[in-house]
Amino acid sequence: MASRAGVIGWAAGVLSTLLGALAFGAVLCLWFPAVLTTPALRDVYPMGLVRATIKWALGIAFVLGVLSVLLKRRKALGLTGAGLATLGTVLGGSQVAVAGPVARSNHVGLDWFLLDLFLLSAIFVPLEILFGRLREQPIFRPGWRTDLWHFGVSHLLVQVTVLLTMAPAALFFRWATAPELQAFVARQPYALQFVGVLVVADLTQYTVHRLFHELPWLWRFHQIHHSSRHMDWLAGSRLHLVDIVVTRGLTFVPIYVLGFAAAPTYAYLLFVSFQAVMIHANVGWRFGLLRYLLATPQYHHWHHSADVIDVNFAVHLPVIDWLFGTFHLPDGRWPATYGIRGDPVPDGYWAQLALPFRRSSAPG
Ligand SMILES: [Zn+2]
Ligand SMILES: [Zn+2]
C-alpha cells in the first residue's frame, strides 16, 4: 500500500510531466511555427491567452515537479516534469517572438496534438474518475502507451489525413455533382444542413464500417480498433491509418457531392471529433431517452464487446442500426469483456501498423 505522500507525489509527478511536455511543445511551436503548426488553427489562435497558458503551465509544471521529487522515493517523474519546464523557460518560454506572416509549408500538427490532448484529458479524465462505469480502472490502464501513439501519429499527420480525406471526393466524384442541387442544399438553414450532414455521413459510416467487419481483407485493418481490452476516452484513437483514411475519405464523398456549406460541414467535423472520443469513454451515464437518439458510451461499448459481435455500427444515430437490424442496447447492461476473442492483435503502435500487411495475419 503506497503512503499518502507517495500517492500525492505520484499525482504531482504525472501532472508535472504532462503540463511540462505540453508547455515545452508549445514553446517549440512558437520557435518553428511554419513546420510545427496547422495553418487553419494558426489563423484563429488568441495569442494573448495562448502565451498566458504557456507561462502558467511552465510555472505549475516546475512547482509540481519539485513537489513530486520531495514526496516520492522514485524521482524520475518529478525530474522529467521540472526538467521540461526548465528547458521550456530557457528556450524563451511564453515570450518567444513569432515573426509574421508565417510561411505556408509542409507541416506536422504538433499544435493540434497538444491542444486536443490538453482539452480532451482535461474534460475526460475528471469525468472518468468521478463517473466511471468501471471506477477501479486506472487512468494508465494496460495499452495506454499504444493508444497515445495512435493519438499522436494521427494528430501529427493531420495535413496528410485531411488531404487524403478531401482530395479523393473532388478527384473521383466531380462527375456526380449538379450545380442546381448544390446551390439548393447550400441555401438551407445551417441547422438543417448540420442534421443533413450528420445523417448522410452516418449512413456512409454505417455502410463502410459494416464492410470493414464483413470483408476479411478490411477486417485486417479494423481489428486494430477492436483490440482494446479497456474502454476509455483514449481507446477510440486506436485506429489503423488505412482505416482512418478510407472511412473518412468515403464519408466525405456524399458531403462533397451534395454541396453542403462550409460552416455546417466544419461544425460537423468538430462534433464528430468530440463524439468519436466520447463514445469510447469510461463514463457510466445512461443519458435517459437521449440514448436512442444519439450514440452514447454504453451504445458504442457494446460494439466493442468480446461476446456480442457485429452490433451498433453507427457512429452518431442508433436509428440506423435499428433500421438494419443491428441495434443492441439492453437496459442498464454493459459488456462483460472488451476486445477480440483470442487476442490476435499484438500490443505496440508499430506492430499494429504492420499487422494487416503481414502474411501470417489470418483474416477472420
Ligand atoms: Zn467496428
Ligand atoms: Zn470504437
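The values are calculated or read from the model by the stated rules, or taken from the named source; none is laboratory data. Just so it is clear, the model here is predicted, and its values are computed rather than measured. No Cβ is skipped: glycine too gets one built from the backbone with ideal geometry, and neighbour counts run over all protein chains shown. The protein model used for the area step is the full one, side chains on, heavy atoms only, and it has no ligands, DNA or RNA in it. Shrake-Rupley method; radii C 1.70, N 1.55, O 1.52, S 1.80 Å.
If R0 equals 35 Å, the separation of the Cβ atoms of T86 and R135 corresponds to a calculated FRET efficiency of about 0.45. Exposed loop trypsin sites (Lys or Arg not before Pro) only (DSSP loop, at most 12 other Cβ atoms within 10 Å): please give the longest stretch of the chain free of them, not including the sites. That gives 136-332 as the longest site-free run.
Taking amide hydrogens as placed 1.01 Å from N in the peptide plane, the amide H of V283 sits under 5 Å from those of R133, each at least 5 positions away in sequence or on another chain.
Between rounded, prolate and oblate, where does region 66-178 land on the alpha carbon gyration tensor, with a ≥ b ≥ c its root eigenvalues, rounded for a/c under 1.5, else prolate if a/b exceeds b/c? Oblate. In terms of its alpha-carbon gyration tensor, region 256-364 comes out oblate; a/c meets the 1.5 threshold, while b/c is at least as large as a/b. Taken one residue at a time, the phi angles of region 279-290 give Karplus couplings (6.51, -1.76, 1.60, θ = phi - 60°) of 5, 8, 4, 7, 10, x, 5, 9, 6, x, 6, 4 Hz. Gly and Pro are set to x. Entry for the chain at q = 0.10, 0.12, 0.13 Å⁻¹: log10 I(q)/I(0) = -0.73, -1.03, -1.19, Debye formula applied to identical alpha-carbon scatterers, no solvent contribution.
Take every Cα pair under 8 Å in region 234-364 that's 6+ residues apart, average their separations, divide by the length, and report that relative contact order as a whole percent.
Values: 114 pairs, mean separation 24.6, N = 131.
The normalised contact order for region 234-364 reaches 19 percent.
Relative to the longest principal axis of the Cα atoms of the chain, helix 76-90 runs at roughly 90 degrees.
Given the C-alpha centroids of region 215-268 and region 125-151, what is the distance between them in whole angstrom? Spelled out, the Cα-based centre of one part sits 21 Å from the other. Put simply, the amide H of Y338, placed in the peptide plane, has neighbours under 5 Å in A306, leaving out anything fewer than 5 places away on its chain. In vacuo Debye scattering of region 44-107, one point per C-alpha: log10 I(q)/I(0) at q = 0.14, 0.16, 0.27 Å⁻¹? Computed log10 I(q)/I(0) values: -0.53, -0.63, -1.07. Across the chain, C-alpha contacts under 8 Å between residues 6 or more apart give a mean separation that, scaled by the residue count, equals a relative contact order of 17 percent. Under a Gaussian network description of the chain, with springs only between Cα atoms under 10 Å, the residue in Y45, Y190, Y268 that fluctuates furthest is Y45. Counting only Cβ charges, +1 for Lys and Arg and -1 for Asp and Glu, the dipole size of the chain around its Cα centre is about 880 debye.
Rolling a 1.4 Å probe over the protein heavy atoms leaves M231 with an accessible area of roughly 0 Å². Our compactness index for region 1-66, the C-alpha radius of gyration over the empirical 2.2 N^0.38 Å, is 1.40.
Karplus-derived 3J(HN,Hα) values for region 313-329, using 6.51 cos²θ - 1.76 cosθ + 1.60 with θ = phi - 60°, are 7, 5, 8, 10, 10, x, 4, 5, 5, 4, 4, 9, x, 10, 7, 8, 8 Hz; glycine and proline are entered as x. Taking Rh as the Kirkwood radius computed over C-alpha pairs, what is the Stokes-Einstein D of region 275-321 at 37 °C in a medium of viscosity 0.692 mPa s, expressed in µm² per second? Rounded, D is 308 µm²/s.
Excluding G332 itself, what net charge comes from residues whose Cβ is under 15 Å from its Cβ, given Lys and Arg +1 and Asp and Glu -1? Local charge sum for G332: +3.
Counting only Cβ charges, +1 for Lys and Arg and -1 for Asp and Glu, the dipole size of region 296-364 around its Cα centre is about 240 debye. What you get for region 234-364, charging only the Cβ of Lys and Arg (+1) and of Asp and Glu (-1), is a dipole of about 120 debye around the Cα centre.
Could you give me the ³J(HN,Hα) list for region 34-50, computed from phi with Karplus coefficients 6.51, -1.76, 1.60 and θ = phi - 60°, whole Hz, x at Gly and Pro? Per-residue couplings from phi come out as 5, 9, 10, 10, 8, x, 4, 7, 3, 5, 10, 5, x, 5, x, 5, 4 Hz. Under the classification rounded if a/c is under 1.5, otherwise prolate if a/b is larger than b/c and oblate if not, where does region 215-318 fall, given a ≥ b ≥ c as square roots of the Cα gyration tensor eigenvalues? Verdict is oblate for region 215-318.
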